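For reference, the structure is listed below as structure tokens.
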Amino acid sequence: MESVEVSAKTVDEAIDIALDELGLTRSQVDIEVLSPGKAGLFGLGGEQARVRVVALEEGTARPITEPDDDDDEQRREPGSDTRDTRDTRETPDTEVVPLDSEEVVAATEFLEDVLELAGVVAVVTVREPETAADGLGRASAVLDIEGEDLGLLIGRRGSTLAALQYLVNVMITRRQGSRVLVTVDAERYHRRREETLRALARRMADRVQGSRRAMTLEPMPAAERRIIHLELSDDDDVVTGSVGMGDERKIVIRPARDERR
């Protein structure tokens, strides 16, 4: 049986990387979580999650091929679409529940306790996801942290906020035994970041169309790559894909009719 073992920041990210390597969907594999990982408080002392993904039927996984140039992209037929569906597809086993569900209430109370222990004076409010940045279609709720001087809580490019969100979701998984996810936000950071990413996507798409050359963006987490893909999904002049692994995975924007020779 074809199988891979992958480590990443979260279990979901490790699974997605493994599926991408095998070229299979979740319904075609057996997934074993070797380690759920551990998010240290505000990103300190954490451990990566590790999973083993095995193809259910022998011969279904695509063969591993080495990239033929420095950007890790595999050769494709002219005119083919290289959009990275791994970044945009919904996670099949994610459960969306109402705001007053046991899982969302527990997540809210846990987040409030963590903030209190960290000495952060803030109020947590709960709302429904509205955009891709909120986790629309995947997350059951957005836990908005409201207070003063929350920049330290957000961290550089949202890194501390992401660690806090991971901690809350691990709690839901372990205590509630469900696949419910929540998004943790502060000062509407995710919404502001989404607007920035959408504007970036449009600027880079214009540059790609003008120069007829591919452009590679800086590494981004899966949620942010998804925003770029979605923003350019209806643009017939460019195609998007992703290269790299784990935290170094980044988006490549190419002319739609770019032909590699």
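The numbers here are math on the coordinates, done by the rules we state, and not lab data. Computed from a predicted structure; not experimentally measured. Here the Cβ is made from the backbone with ideal geometry for all residues, glycine too, and neighbour counts use every protein chain on show.
Values computed for the structure shown
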| quantity | calculated |
| --- | --- |
| Conditions (1) surrounded by 19 or more Cβ atoms within 10 Å (Cβ to Cβ); (2) within 16 Å of the chain's Cα centre (by Cα); (3) aliphatic (A, V, I, L, M): number failed by residue 170 | (1) |
| Residues being among the charged types (D, E, K, R), in contact (Cβ under 8 Å) with a residue 60 or more places away in the chain and part of a helix (DSSP H, G or I) - total across segment 175-199 | 4 |
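So that you can scan it fast, the table gives a plain yes or no per residue for (1) farther than 19 Å from residue 155 by Cβ; (2) touching a residue at least 12 places away in the same chain (Cβ under 8 Å); (3) crowded, with 19+ Cβ neighbours inside 10 Å:
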site: 201; (1), (2), (3): yes, yes, yes
site: 206; (1), (2), (3): yes, no, no
site: 231; (1), (2), (3): yes, yes, yes
site: 235; (1), (2), (3): yes, yes, no
